[in-house]
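The values are calculated or read from the model by the stated rules, or taken from the named source; none is laboratory data. Computed from a prediction, not measured in an experiment: that's the story for all the values here. Every residue, glycine as well, gets a Cβ built from its backbone with ideal geometry; the counts of neighbours run over all protein chains shown.
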Amino acid sequence: MNPLKGMNRLKDVNETNEFNLSRRQLLKSMGVVGGGLVVGISLTGCGSDSPLPIDTAANGYLPNAFLQITSDNSFVFYCPRDEMGQGITTGLATLFAEELDVAPQRFEVKFPGVHPAYNNPAFGAQGTGGSASIRAHYEPLRQAAANLRSVLIQAAAADLGVAPDAINLDDAHVVVNGQRHPFGQFIETAKTLPMPTEDNPAPLKAASDFKYIGKEFPRLDGVAKSTGTAVFGIDVELPNMHYAAIKHSPVIGSTVASVNKTKAENMPGVTDIVTISSGVAIVAEKFWQAKKAAEQLEIKWNTSELANLSTEQLKQDFKQMLDSDEGVASDESGDVAAEFASKELAINSEYWAPMLSHSPLEPMSAVARVENGKAEVWSGTQGVQPIRGLVARALDMTFDQVSIHNTYCGGGFGRRSYVSHCIEAAEIAAATSKPIHLLWSREDDTRSGVFRPASLMRIKATMDEQGTVTGWQAKRAGGNIMPQRLSTGLPGVLPTAVPKGLINTAVNVADSVFENWIPDPTSVEGLSSDYDFPNKETLHATINHGLPLHFWRSVGHSFTAFAKESAIDELAHKAGMDVVDFRLKNSQQQPRINNVIKIAGDQMKQMQTKPGHHLGFAAHSSFESHVAQVAEVSVEDGRIHVHKVVCVVDCGRVINPDIVRAQMEGSIMYGLTATIHGNLQLKNGGIKESNFHDYPILRMNEAPNVEVIIVDSEEAPTGVGEPGLPPIAPAVANAVFAATGQRLRSLPLTI
Amino acid sequence: MITFTLNGQTVETDDAPDTPLLWVVRDTFKLKGSKFGCGAGLCGACTMHLDGQAVRTCILPVSAVAGKSITTIEGLGTPEDMHPLQAAWSEQSVPQCGYCQSGQIMSAAALLEHNANPSEEEVERHMAGNICRCGCYPRIKKAILSVAEQNSGNELFHEVRAEEAQS
């Protein structure tokens with residue numbers, strides 16, 4: 001394989017354009033316009049009249065896919081999105097509860113199986129990610145609840161013999177003349193009434209009437225998650241369940257050549273040893289038996305072509321691409337070439353971001369049962385739909401034969417939208433005819449996972465004497481996520497009748513499009529955003545080494561913000577201006593980011609720092625939200641300490657301020673791990689690091705205090721799970737510059 | 001056969017003596033609240049109490065607990081009858097994904113057992129062995145300090161905890 005295979009392609013794609021589609025049409029058909037991260041595919045072949053994959057009570061009232069009311073006035077909310085800690089069960093329950101006038105705490109939350117009724121409106125498929133859940137469901141879920149509300153009012157009016165406008169609703173009760181009647185009392189009548197149609201929907205509440213939206217109350221999953229009773233994928237138990245451990249190849253992409261099972265198969269408890277598509281699985285009565293026996297397996301691998309790949313090689317190849325004329329342009333304005341010809345460059349800086357592991361604390365796990373012509377899989381996942389399709393394909397079944405059950409996710413961060421472990425569990429269950437609980441080790445998780453792509457970025461800029469940035473060219477070299485997402489995701493969402501060959505063709509087209517025509521949005525998103533740059537150009541040079549790359553919390557923004565906000569800081573210092581004033585001056589046409597910069601800047605000016613502590617600033621928009629952060633940092637004994645972070649966020653209307661704060665805090669901590677520790681290194685085609693001793697995660701003694709300021713807004717709600725992450729690395733790097741005069745352009749930051 | 005006390009009940013197991021306690025508790029006694037995170041004593045998700053001390057059970061062979069007393073998150077409190085830390089955790093919305101929280105709470109409970117009124121630095125030092133990948137650290141710290149504050153001067157609490165520690 002030639003890692004530089006894109007080198008000789010023509011930059012002017014119009015000359016090689018074989019496709020009769022506009023850029024935008026093609027992007028739109030692939031669901032990647034507007035920041036969508038999961039590819040939207042219409043669900044031909046999966047009728048929406050199929051039964052809902054949920055448990056219901058015998059006489060319960062199921063007015064829509066999301067709620068069941070029973071006669072004893074209890075409520076089950078079938079949450080269409082997956083809970084990985086971001087608080088979405090609480091958030092979506094709040095949306096529904098608001099319009100129905102039921103306290104969200106009354107809802108028992110369950111996760112449904114695969115059904116188009118639970119599609120993510122942002123993706124047209126059933127998956128969770130892209131910080132899209134609240135913004136995508138904000139209106140549809142409220143509308144479903146408002147329609148139900150109107151039916152309940154009519155039912156109560158009929159049953160109680162009063163006019164509908166004599167009825168008030170209050171926390172799951174119909175109130176007439178001061179008398180409270182539980183909703184459950186009216187469900188039999190409600191069942192006979194028609195639901196308002198799309199053409200004539202029930203009115204939504206005015207924001208001024210909100211009782212739950214915008215209010216703070218504890219998360220609905222707090223008690224379960226504080227008492228050890230919340231069920232994660234790893235906790236699922238089935239009768240006669242056996243446990244599997246797995247050996248993956250040390251060199252990424254290698255396949256099994258031969259297995260010597262002799263030692264392992266005689267170990268206590270071992271029942272089966274099976275070679276599957278991704279490695280060798282060992283099955284035992286107990287997990288510890290499987291784990292110990294796995295160490296005794298002797299496997300020979302057909303080593304893949306990545307065997308000589310190292311991080312140094314990646315860097316070298318990326319650098320070569322940056323130095324070349326190679327690059328597909330996007331996000332352009334003005335005339336950068338003319339601008340650069342007329343002025344001396346103010347900066348010409350290069351920024352490195354390494355590969356990273358997601359390292360959710362629950363390693364990948366899945367439980368599978370394959371019997372009587374049916375397959376079932378249980379796992380904590382960011383998308384049940386692709387699992388169903390992929391299991392169906394792996395076991396040569398139809399969609400109808402496969403059921404997927406979701407649980408809480410022990411951390412997601414994008415990792416749990418990649419589901420190879422679920423396919424592995426199904427393959428092992430099919431091969432052994434036993435219910436299988438597959439659990440990866442931490443070492444598997446670190447080394448055999450999908451990774452945040454490494455990136456090398458170069459930013460060149462010019463400015464005038466007043467500190468206005470007049471020219472900006474940002475170029476990134478690295479691999480693309482989207483073609484891989486298509487390659488692993490399309491077979492999961494397309495009907496099994498669509499053959500793999502056709503999908504491969506589509507994937508190859510996408511691969512080529514992103515390499516030659518338009519950049520993969522996840523490779524450059526945010527690299528040139530947020531400022532007024534009159535002449536700008538964003539270039540991307542794809543270099544495909546064949547590594548398994550995937551969405552990692554905030555995706556492209558996780559590295560582009562580091563380059564962009566470090567470069568802006570360099571320009572501010574070069575201009576001799578205050579770093580906040582400089583940003584304000586250059587973002588006057590971007591009112592929402594300008595506003596958070598201003599608020600955070602005012603905070604920065606008021607911060608009392610201890611001697612030896614220094615402040616750094618950064619701002620970045622992602623997932624339609626706008627965030628600015630101030631980091632208070634000291635450098636002692638060659639180590640970077642982050643003491644405090646002030647975070648200002650504009651995410652439109654807030655559903656639950658406490659959850660927004662929690663997500664900002666968590667994103668900052670997740671981003672700080674990447675800022676001061678995260679470095680996943682390739683050596684001889686494998687990952688060097690293995691567990692938390694050599695891939696450290698931020699710990700409490702390293703965690704800063706965080707103060708979150710939420711901008712009061714009546715705009716539509718925007719992303720919350722990811723936008724808090726991108727600014728933290730540059731804010732800390734900029735503070736280190738303030739502290740030491742050293743400009744660190746490589747992550748993780750080391751002095 | 002290895003015999004030990006699990007949440008106040010005497011139990012026995014014929015799991016191999018080198019089996020880490022975590023797997024005996026999870027797979028043999030079906031208590032799923034304690035979690036597997038690293039298998040190397042590095043993350044604290046598996047933390048239980050061994051005679052009142054916080055221990056990492058993913059690397060503790062079950063043979064080492066013969067005749068001893070083990071408490072898991074299920075033994076600390078239940079949804080209906082929560083330990084003050086569990087109540088603080090849920091009221092203050094400490095958990096995000098929640099996977100590490102059993103271990104966090106068990107570590108925190110052991111800390112307060114021995115030091116009812118720890119300083120912020122003592123909390124940080126004691127809790128540094130527990131990883132939270134969601135980054136709930138500011139809330140974990142705050143919840144522990146709020147329970148410590150609520151208990152300081154509460155004689156009944158100290159008596160009850162002392163009795164529990166002895167039993």
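Here are some notes:
- Lone unmet requirement of (1) in contact with a Leu (Cβ under 7 Å, 6 or more places away or on another chain); (2) part of a loop (DSSP other than H, G, I, E, B) for residue B:25: (2)
- All conditions but one from (1) surrounded by fewer than 24 Cβ atoms within 10 Å (Cβ to Cβ); (2) part of a loop (DSSP other than H, G, I, E, B) apply to residue A:362; the one that does not is (1).
- Inter-residue pairs, beta-carbon under 7 Å, first more than 7 Å from chain A (Cβ to nearest Cβ) and in the stretch B:80-103, second in a loop (DSSP other than H, G, I, E, B) and of a type in the set (S, T, N, Q), 6+ apart: B:103/B:130
- Every residue from the stretch A:399-409 that is within 13 Å of another protein chain (Cβ to nearest Cβ) and among the hydroxyl-bearing types (Ser, Thr, Tyr): A:407, A:408
- Cβ pairs under 8 Å, 6+ apart, first in the stretch A:102-117 and within 30 Å of residue A:375 (Cβ to Cβ) and not assigned by TED's automatic domain parsing to the domain that holds residue A:180, second surrounded by 21 or more Cβ atoms within 10 Å (Cβ to Cβ) and at pLDDT below 95: none
For (1) of a type outside the set (Asp, Glu); (2) assigned by TED's automatic domain parsing to the domain that holds residue A:545, each residue gets a yes or a no:
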| residue | (1), (2) |
| --- | --- |
| A:286 | yes, no |
| A:292 | yes, no |
| A:298 | no, no |
| A:315 | yes, yes |
| A:319 | yes, yes |
| A:323 | no, yes |
| A:326 | no, yes |
| A:329 | yes, yes |
| A:334 | yes, yes |
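- Subset of the stretch A:380-420 [over 21 Å from the mean Cα position of the chain (by Cα) and aromatic (Phe, Trp, Tyr)]: A:399
- Single condition residue A:352 does not satisfy, out of (1) closer than 28 Å to residue A:516 by Cα; (2) crowded, with 24+ Cβ neighbours inside 10 Å; (3) aromatic (Phe, Trp, Tyr): (2)
- Being in contact with a Cys (Cβ under 6 Å, 6 or more places away or on another chain) and more than 14 Å from every other protein chain (Cβ to nearest Cβ) holds for only one residue in A:328, A:377, A:336, A:391, and it is A:377.
- Of all residues making up the stretch A:608-628, the number that are crowded, with 24+ Cβ neighbours inside 10 Å and either within 14 Å of another protein chain (Cβ to nearest Cβ) or more than 21 Å from the chain's Cα centre (by Cα) (or both): 3
- Taking the stretch A:497-515 as the range and being in contact (Cβ under 8 Å) with a residue 24 or more places away in the chain and surrounded by fewer than 18 Cβ atoms within 10 Å (Cβ to Cβ) as the test, the residues that pass are A:497, A:500, A:509.
- The set of residues in the stretch A:674-713 being crowded, with 22+ Cβ neighbours inside 10 Å and of a type in the set (Ser, Thr, Tyr) consists of A:675, A:695.
- Condition check for residue A:412: within 14 Å of another protein chain (Cβ to nearest Cβ) and either free of Cβ contacts under 8 Å to residues at least 12 places away in the same chain or out of contact with any Leu (no Cβ under 9 Å at 6 or more places or on another chain) (or both): yes
- Scope the stretch A:562-576; condition touching a helix residue (DSSP H, G or I) at 6+ places or on another chain (Cβ under 6 Å) and surrounded by 24 or more Cβ atoms within 10 Å (Cβ to Cβ); matching residues: A:562, A:565, A:566, A:569
- Checked against (1) at pLDDT below 95; (2) in a helix (DSSP H, G or I); (3) polar (S, T, N, Q), residue A:544 passes all but a single condition, namely (2).
- Exclusive hit being closer than 30 Å to residue A:655 by Cβ, in contact with a Phe, Trp or Tyr (Cβ under 7 Å, 6 or more places away or on another chain) and of a type in the set (Gly, Ala, Ser), set A:249, A:226, A:208, A:254: A:226
- Residue within the stretch A:589-605 that is buried (at least 24 other Cβ atoms within 10 Å of the Cβ), touching a residue at least 60 places away in the same chain (Cβ under 8 Å) and closer than 29 Å to residue A:481 by Cα present: no
- Residue match in the stretch B:8-17 (condition: in a loop (DSSP other than H, G, I, E, B), outside the structural domain of residue B:108 (by TED's automatic domain parsing), out of contact with any Ser or Thr (no Cβ under 6 Å at 6 or more places or on another chain) and touching a residue at least 60 places away in the same chain (Cβ under 8 Å)): yes
- Note on the stretch B:21-47: residues that are farther than 26 Å from residue A:358 by Cα and either more than 8 Å from every other protein chain (Cβ to nearest Cβ) or touching a helix residue (DSSP H, G or I) at 6+ places or on another chain (Cβ under 7 Å) (or both) total 6.
- Among (1) over 19 Å from the mean Cα position of the chain (by Cα); (2) closer than 23 Å to residue B:92 by Cα; (3) more than 12 Å from every other protein chain (Cβ to nearest Cβ); (4) crowded, with 24+ Cβ neighbours inside 10 Å - the single one residue A:734 does not satisfy: (2)
- Residue in the stretch A:668-675 that is more than 10 Å from chain B (Cβ to nearest Cβ) and either more than 17 Å from the chain's Cα centre (by Cα) or part of a helix (DSSP H, G or I) (or both) present: yes
- Test: residue in the stretch B:72-81 that is buried (at least 19 other Cβ atoms within 10 Å of the Cβ), modelled with pLDDT of 95 or more, in contact with a Gly (Cβ under 8 Å, 6 or more places away or on another chain) and among the hydroxyl-bearing types (Ser, Thr, Tyr): yes
- Any hit, the stretch A:198-205, residues being within 21 Å of residue A:87 (Cα to Cα), out of contact with any His (no Cβ under 8 Å at 6 or more places or on another chain), away from every other protein chain (no Cβ under 14 Å) and free of Cβ contacts under 8 Å to residues at least 24 places away in the same chain: no
- The stretch A:636-657: number of residues that are surrounded by fewer than 19 Cβ atoms within 10 Å (Cβ to Cβ) and not in a loop (DSSP other than H, G, I, E, B): 6
- Restricting attention to the stretch A:284-305 and to residues that are away from every other protein chain (no Cβ under 14 Å) and in contact with a strand residue (DSSP E or B) (Cβ under 8 Å, 6 or more places away or on another chain), the residue that is surrounded by the most Cβ atoms within 10 Å (Cβ to Cβ) turns out to be A:297.
- Odd one out for residue B:66, checked against (1) surrounded by fewer than 21 Cβ atoms within 10 Å (Cβ to Cβ); (2) over 14 Å from the mean Cα position of the chain (by Cα); (3) within 12 Å of another protein chain (Cβ to nearest Cβ): (3)
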